[in-house]
Amino acid sequence: MSKHVSVLISLLLLTALVLSLCPLAAAEEGEVIRIRTAEELIELARECSLDTWSNGKKVVLENDLSLSTVDFASIPIFNGEFDGGGHTIYDLNLSSAQSPCGFFLETGKDADVHDLNLSGTVATIGDDSVVGGLVGVNRGLLAGCTFSGEVSATRVVGGLAGRNEAGGVITACTSSGSVRGLSQTGGIVGENVGAVIDSVNRAFVNTESVDPTLRFDTIDTSSILNFIRSLRTDNAGITTDTGGIAGFSTGFIERCQNAGAVGYLHLGYNVGGIVGRSNGYVKSCVNDSDIYGRRDVGGIVGQAEPLTKILEAANALSGISYRLYALNQSLNDAAADARTASSQLAERFDNLTYFLAPVGDAVNALDVTDPDTFYYLQTVIADCVYNMTNEVAAIGQGVDGNAWILMDDVDEINGNLTALSGTAIQTIDSLVNSDTSGDILVDDSTDNEDDGYTYGKTTRCDNNGSINGDSNVGGIVGSLSVESELDPESDLSTLTGNRFSQNRLSVYAVVIGCVNRGSVTAKRECAGGIAGKMDLGTAANCASYGPVVLEDGDYAGGICGLLYGTVKNSCAKCSLSGKRYIGGVVGNGYDAEHGNEDDRSSLVSGCYTLVELRENPQFAGAISGGGAGLYENNYFVPADYAGLDRFACR
């Protein structure tokens, strides 16, 4: 070999060695960065301290990694694509006092983190908040990611993410292990303003003080009750807003499942199998585990708060972002199916994305200080819906018998178009035309699932777990009410008086098409197969089959314990136990004050019951234990009790 060739080979080998030692130094936008070692991951974290460095870059994890022998301290901010390739990063250990905190501290709106598995501990110290196993604050897309291990902090704590911002999407993610926090603690996310879809929680959330296999009557609760009393004057020591998927949500949660125990026995406020407290949208979710708490405890939602016209712009806009995401997903699914049917149909489906693109651009251009940008968005959405509807109609006519599967795709696209239009109208009206003066407007009577409203709604959810608490305990929601931030022992049970005199509120809180099959047990008051207590709102088209047990106190019902709102077209087939005000539909209702035009009586309409009333309660009936409220067109199978407090009424 000649001397020149030897020198050339030596230079090439030296260059390769230098590049392997410094793989990220020359990375440009659009370049693929491959991570093979823990040291390369640490170098990536160092580069990402500059908030713009990751823009447009793709990072690929090429094998499993262990962080046990290196000092890894989070990736500060990431705004590119991180492809985990299904690999796992083990031995994550973050214990500093930083906030936010997680494997990523923050992800930007253009971030796409997918197929990444993490295992380890994120247990920050001090007065910390906004902590997640994968990311502290998410503004982009997390897809197909998992976290297994322990996550603990003070507030806004999630197994995957601490906070999911408006526009952030978490889809097909899983959490397992344990998650602990005092406020806004969730198995997937602590606080959700964006969308959480198709995700599963298997982690135990705030369960250290309870063995989920034990029964109430086998535990000496005196020390726990003394502890509660000692904290009555200091709410900082009490857990609030705990959920299997999210602690607190003003955004969207759809097709999620909770399979991990949630809550302490007799401790905690606003505890839910899916979300602790919500005034957002919860749809097609399932809880399969046992839920424990003190007050406002539900199989799906602990406390369901109403939608009001006073919405933060970011929260309202997350509705449009979610609908755009859902529509885009249905278009992608349809296009994939169409390719198996015919090339012509595939081309037609691909064309639909052309009409959707301007809507995304208009959303990104919104300025909350400029009403013209909202009116422009309204015009763009109207054009999009018109064009896509015509195109979908044409596609529907072109589907032959050999491509019948596409009809389901067309139906789904139509549904998402309708929802997008309705959500846009609601959002624009809330942000541009809202009247913040005058009296309170209450409008909570709807039972239509597809009315365009997305906030304040819990729909098509199932509970199969056992729900246990002290007050306001329900198979689907613990209570429909307005939260009192000053005292978690009480809710704002009315929407009149000086508390809201300066605001005009359009109240909207509904539970629609939900089914409870689990047992519901309340120690003190207000137990219901669907809702423990409804200070407002509507429950419609719901069914409950699990036993409802009230150990002491008043108000147990097959659908709702104590009703101030409306129950419509629902049924109960279950056993009921309690001492006072026990009813097949409701324990009791509410009579409006005479002479007060703004006050309304509760309403039970179109309901059916086949119930067994045990323990010979005082004030009991197959429809209602008491006679307060309005009742119409309700039916029951006669047993030992008549309709209203032993009286059968026409």
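The values are calculated or read from the model by the stated rules, or taken from the named source; none is laboratory data. A quick note: this is a predicted structure, and the numbers were derived from the prediction, not measured. Glycine gets a Cβ as well: all are built from the backbone with ideal geometry, and neighbour counts include every protein chain shown. Only protein heavy atoms, including side chains, enter the accessible area calculation; ligands, DNA and RNA are left aside. Shrake-Rupley method; radii C 1.70, N 1.55, O 1.52, S 1.80 Å.
Annotations for the structure displayed:
- Residue count, segment 138-175 (criterion: open to solvent by 10 Å² or more (accessible area, probe 1.4 Å) and either of a type outside the set (Ser, Thr, Tyr) or over 20 Å from LEU61 (Cβ atoms) (or both)): 16
- Whichever residue in segment 556-572 is modelled with pLDDT of 95 or more and not in a strand (DSSP E or B) and, among such residues, is most open to solvent (accessible area, probe 1.4 Å): ASN569
Matching residues to (1) closer than 14 Å to VAL122 by Cα; (2) within 15 Å of the chain's Cα centre (by Cα); (3) among the charged types (D, E, K, R); (4) modelled with pLDDT of 95 or more:
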{"site": "GLY167", "(1), (2), (3), (4)": "no, yes, no, no"}
{"site": "THR171", "(1), (2), (3), (4)": "no, yes, no, yes"}
{"site": "SER175", "(1), (2), (3), (4)": "yes, yes, no, yes"}
{"site": "SER178", "(1), (2), (3), (4)": "yes, no, no, yes"}
{"site": "ASN192", "(1), (2), (3), (4)": "no, yes, no, yes"}
{"site": "SER199", "(1), (2), (3), (4)": "no, yes, no, yes"}
{"site": "ARG202", "(1), (2), (3), (4)": "no, no, yes, yes"}
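- Of the residues making up segment 603-637, just one is open to solvent by less than 30 Å² (accessible area, probe 1.4 Å), more than 16 Å from GLY528 (Cα to Cα) and among the hydroxyl-bearing types (Ser, Thr, Tyr), namely SER605.
- Members of segment 43-61 found to be open to solvent by 70 Å² or more (accessible area, probe 1.4 Å), of a type outside the set (A, V, I, L, M) and in a loop (DSSP other than H, G, I, E, B), listed by number: SER49, ASP51, THR52
- Considering ASN93, ASN138, the condition of being of a type in the set (S, T, N, Q) and closer than 17 Å to THR52 by Cα is satisfied by ASN138 alone.
Per-residue answers, yes or no, for (1) free of Cβ contacts under 8 Å to residues at least 40 places away in the same chain; (2) among the hydrophobic types (A, V, I, L, M, F, W, C); (3) closer than 15 Å to ARG139 by Cα:
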{"residue": "GLY80", "(1), (2), (3)": "yes, no, yes"}
{"residue": "THR88", "(1), (2), (3)": "yes, no, no"}
{"residue": "ASN93", "(1), (2), (3)": "yes, no, no"}
{"residue": "PRO100", "(1), (2), (3)": "no, no, yes"}
{"residue": "GLU106", "(1), (2), (3)": "yes, no, yes"}
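- Residue match in segment 3-24 (condition: over 20 Å from HIS114 (Cβ atoms), touching a strand residue (DSSP E or B) at 6+ places or on another chain (Cβ under 8 Å), modelled with pLDDT of 90 or more and surrounded by 11 or more Cβ atoms within 10 Å (Cβ to Cβ)): no
- Checking each residue of segment 488-503 against the condition of being open to solvent by less than 30 Å² (accessible area, probe 1.4 Å), at pLDDT 60 or above, assigned to a strand (DSSP E or B) and in contact with a Phe, Trp or Tyr (Cβ under 9 Å, 6 or more places away or on another chain) gives no match.
Residue-by-condition table, conditions (1) surrounded by 18 or more Cβ atoms within 10 Å (Cβ to Cβ); (2) of a type in the set (D, E, K, R); (3) at pLDDT below 70:
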{"position": "THR308", "(1), (2), (3)": "yes, no, yes"}
{"position": "ASN315", "(1), (2), (3)": "yes, no, yes"}
{"position": "THR340", "(1), (2), (3)": "no, no, yes"}
{"position": "GLN344", "(1), (2), (3)": "no, no, yes"}
{"position": "LEU352", "(1), (2), (3)": "yes, no, no"}
{"position": "ASP367", "(1), (2), (3)": "no, yes, yes"}
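- Among the residues making up segment 80-107, those that are open to solvent by less than 10 Å² (accessible area, probe 1.4 Å), closer than 19 Å to VAL130 by Cβ and not in a loop (DSSP other than H, G, I, E, B) are LEU92, LEU94, CYS101, PHE104, THR107.
- Any hit, segment 292-300, residues being under 20 Å from THR174 (Cβ atoms), open to solvent by less than 10 Å² (accessible area, probe 1.4 Å) and assigned to a strand (DSSP E or B): no
- Looking across GLU551, GLU593, GLU615, one residue alone is farther than 26 Å from GLY513 by Cβ and free of Cβ contacts under 8 Å to residues at least 12 places away in the same chain. It is GLU593.
- Residue in segment 580-589 that is assigned to a loop (DSSP other than H, G, I, E, B) and either more than 28 Å from the chain's Cα centre (by Cα) or surrounded by fewer than 21 Cβ atoms within 10 Å (Cβ to Cβ) (or both) present: yes
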